[in-house]
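Only one structure is covered here, and it is reproduced in the block below.
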Amino acid sequence: DEDLDILDAATDDPDAIQYLPALPVLAIVGRPNVGKSALVNRILGRREAVVQDTPGVTRDRVNYKAEWNERRFTLVDTGGWEPDAKGIHAAVAAQAEIAIDLADAVLFVVDAMVGPTATDEHVVKLLRSTKKPVILVANKVDDIRQEPEAASLWSLGLGQPWPVSAVHGRGVADLLDHVLTVLPEVSAVAKEQVGGPRRVALLGRPNVGKSSLLNRAAGEERVVVHDLAGTTRDPVDEQIELAGRVWTFVDTAGIRRRMNLAQGADFYASLRTSAALEKAEVAVVLIDVTEPISEQDVRIIELVLESGRALVLAFNKWDLLDSDDGLERERRRYLEREIEQDLAHVAWAPRVNISAKTGRHLEKLVPALELALQSWDTRIPTGKFNALLAELTAEHPHPVRGGKQPRILFGTQASSRPPTFVLFTTGFLDPQYRRFITRRLRELYGFEGSPIIVNMRVRE
Ligand code: GDP
């Protein structure tokens, strides 16, 4: 498979940096009720994609694959969480900031029938600070008599307003034709880099110590890396030297820029987390040892697993937990129990106990990252893999189901990053049996720090 050959060729030479083309990213921004969902649906060409905006309700999906005139792009709906009146300014500003950092171009949607509001003008200030293309969409222009209302939006200073009716489809084709003229063929933000410094996403809920860790790492051992040939100069990322090796920490802008949102903070944090994971190869999820492991921690780990990136768990603030004090001892006991209960599904992830504040044991982070990436990159030759499968199935055959016994005919590792295996079988394998194979693969190869995927193709 061609993509994989490119990866292999590139990683042979550690200094070579190549970029695999990634789809350009178009982000949609606008206050509630201007019709963002309707526009997303119209662009995707299917009605059921996105539900109506409901204040306080979070939509699960934010990224969609879209296509116009045979060009494909990623559409990011930053408005997946709609605040009520109190939080509008802050929430729409957060959308705009995220869009500016993470998209190639921004669609800013205004309700032409209402005209520009104070919130719109607030967002315009943010959008005018970016060099990225911003396209002003005047929505709810349902017929030609309403076009003058759209024209009045020239006053926003974002250039030509594009009058559309997202609900009826009017003007959307012209808008998309225009979008394609400003959207790069290949994304400048989402491009997949091969070779060069490895890319790390530092994740965790607010106050776990992300920025402290970043400051520690950058403060002590920062190098200004001008001359790494071809290095991305994406201003939202940062290059930091740890243990003699340069790493790219992605979306450090998102860590440094604190969002003061009374509402919707979780949604915007997830949006950032997902976007950072897109760019990263390995995630360090920080967990605060002084507090019980929370649903939010587990949710962040879930996002890492969904993204297929490598994973390191860093338990932070150990300086507050390592004395002989009774309370600290008790907390340590609870923590162990919580890890067993809540993190059993990622028992394969390397764990490091650190203190971002004192700098203690930060040096353990690098071997953990290296181990996780090594696992993530692992390739098992097909011959070896099939020998292993033969051994496993001899030792532990699949149980007979309805008089039949599904057999594994052949297996292969279809890709790495993360290791993904395909089993060709004569029938459907029980989930338990697939878990058995996954477990044995881990026992034999470790794969510490990497998710592994075992898929199945039933041959009739
Ligand atoms: P972020 O929201 O994840 O970026 O968290 P910050 O880095 O801003 O840290 C939140 C608070 O926790 C700050 O008051 C930090 O000083 C404190 N903090 C961070 N790491 C540690 C640590 O290792 N030990 C202790 N005692 N405090 C920490």
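Taking strands (runs of 3 or more DSSP E) that do not extend beyond the stretch 134-221, which have at least 2 residues that are within 16 Å of the ligand (Cβ to nearest atom) and either modelled with pLDDT of 90 or more or within 30 Å of residue 301 (Cβ to Cβ) (or both)? I'd like the intermediate steps shown before the answer.
Numbers: elements: 134-139, 161-163, 192-194, 198-203.
Correct list: 198-203.
Checking the structure you have, find out if any residue of the stretch 102-120 is within 16 Å of residue 154 (Cα to Cα) and either modelled with pLDDT under 90 or part of a helix (DSSP H, G or I) (or both).
Filtering the stretch 102-120 down to residues within 16 Å of residue 154 (Cα to Cα) leaves 107-118, 120.
Okay, now just the ones that are also either modelled with pLDDT under 90 or part of a helix (DSSP H, G or I) (or both), so 118, 120.
Within the stretch 102-120, one or more residues are within 16 Å of residue 154 (Cα to Cα) and either modelled with pLDDT under 90 or part of a helix (DSSP H, G or I) (or both).
Being out of contact with any Pro (no Cβ under 6 Å at 6 or more places or on another chain), in a loop (DSSP other than H, G, I, E, B) and either more than 12 Å from the ligand (Cβ to nearest atom) or under 15 Å from residue 199 (Cβ atoms) (or both) is the filter here, so list the residues in the stretch 269-309 that pass it.
Filtering the stretch 269-309 for residues out of contact with any Pro (no Cβ under 6 Å at 6 or more places or on another chain) gives 269-304, 306-307, 309.
With the extra rule that they be in a loop (DSSP other than H, G, I, E, B), the set shrinks to 280-281, 289-294, 309.
Matches in the stretch 269-309: 280, 281, 292, 293, 294, 309.
In the stretch 149-179, which residues are farther than 15 Å from residue 108 by Cβ, out of contact with any Gly (no Cβ under 9 Å at 6 or more places or on another chain) and buried (at least 16 other Cβ atoms within 10 Å of the Cβ)? Don't jump to the end; show me each part of the working.
Here is the first cut: in the stretch 149-179, the residues farther than 15 Å from residue 108 by Cβ are 149, 151-152, 165, 167-174, 176-177.
Still in the running and out of contact with any Gly (no Cβ under 9 Å at 6 or more places or on another chain): 151, 168-174, 176-177.
Scanning the stretch 149-179 gives 170, 171, 172, 176.
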| request: Those residues that are among the hydrophobic types (A, V, I, L, M, F, W, C), out of contact with any helix residue (DSSP H, G or I) (no Cβ under 8 Å at 6 or more places or on another chain) and in a strand (DSSP E or B), I need them from the stretch 386-432; list them, please. | output: 409, 414, 422, 424
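One residue is enough: does the stretch 120-132 have a residue meeting the conditions touching a Ser or Thr at 6+ places or on another chain (Cβ under 7 Å) and over 30 Å from residue 311 (Cβ atoms)? First the steps, then the outcome.
Step one: filter the stretch 120-132 for residues touching a Ser or Thr at 6+ places or on another chain (Cβ under 7 Å), giving none.
The answer is no; no qualifying residue exists.
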| request: Among the residues of the stretch 342-365, write down those that are more than 10 Å from the ligand (Cβ to nearest atom), within 21 Å of residue 240 (Cα to Cα) and in contact with a Lys or Arg (Cβ under 7 Å, 6 or more places away or on another chain). | output: 352
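Matching residues to (1) under 25 Å from residue 314 (Cα atoms); (2) surrounded by fewer than 19 Cβ atoms within 10 Å (Cβ to Cβ); (3) of a type outside the set (Asp, Glu):
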| residue | (1), (2), (3) |
| --- | --- |
| 366 | yes, yes, yes |
| 381 | no, yes, yes |
| 395 | no, yes, no |
| 398 | no, no, yes |
| 402 | no, yes, yes |
| 420 | no, yes, yes |
| 431 | no, yes, yes |
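The values are calculated or read from the model by the stated rules, or taken from the named source; none is laboratory data. Owing to the predicted nature of the structure, the values given are computational and were not obtained by experimental measurement. Ideal geometry is used to build each Cβ from the backbone, glycine not excepted, and the neighbour counts take in all protein chains shown.
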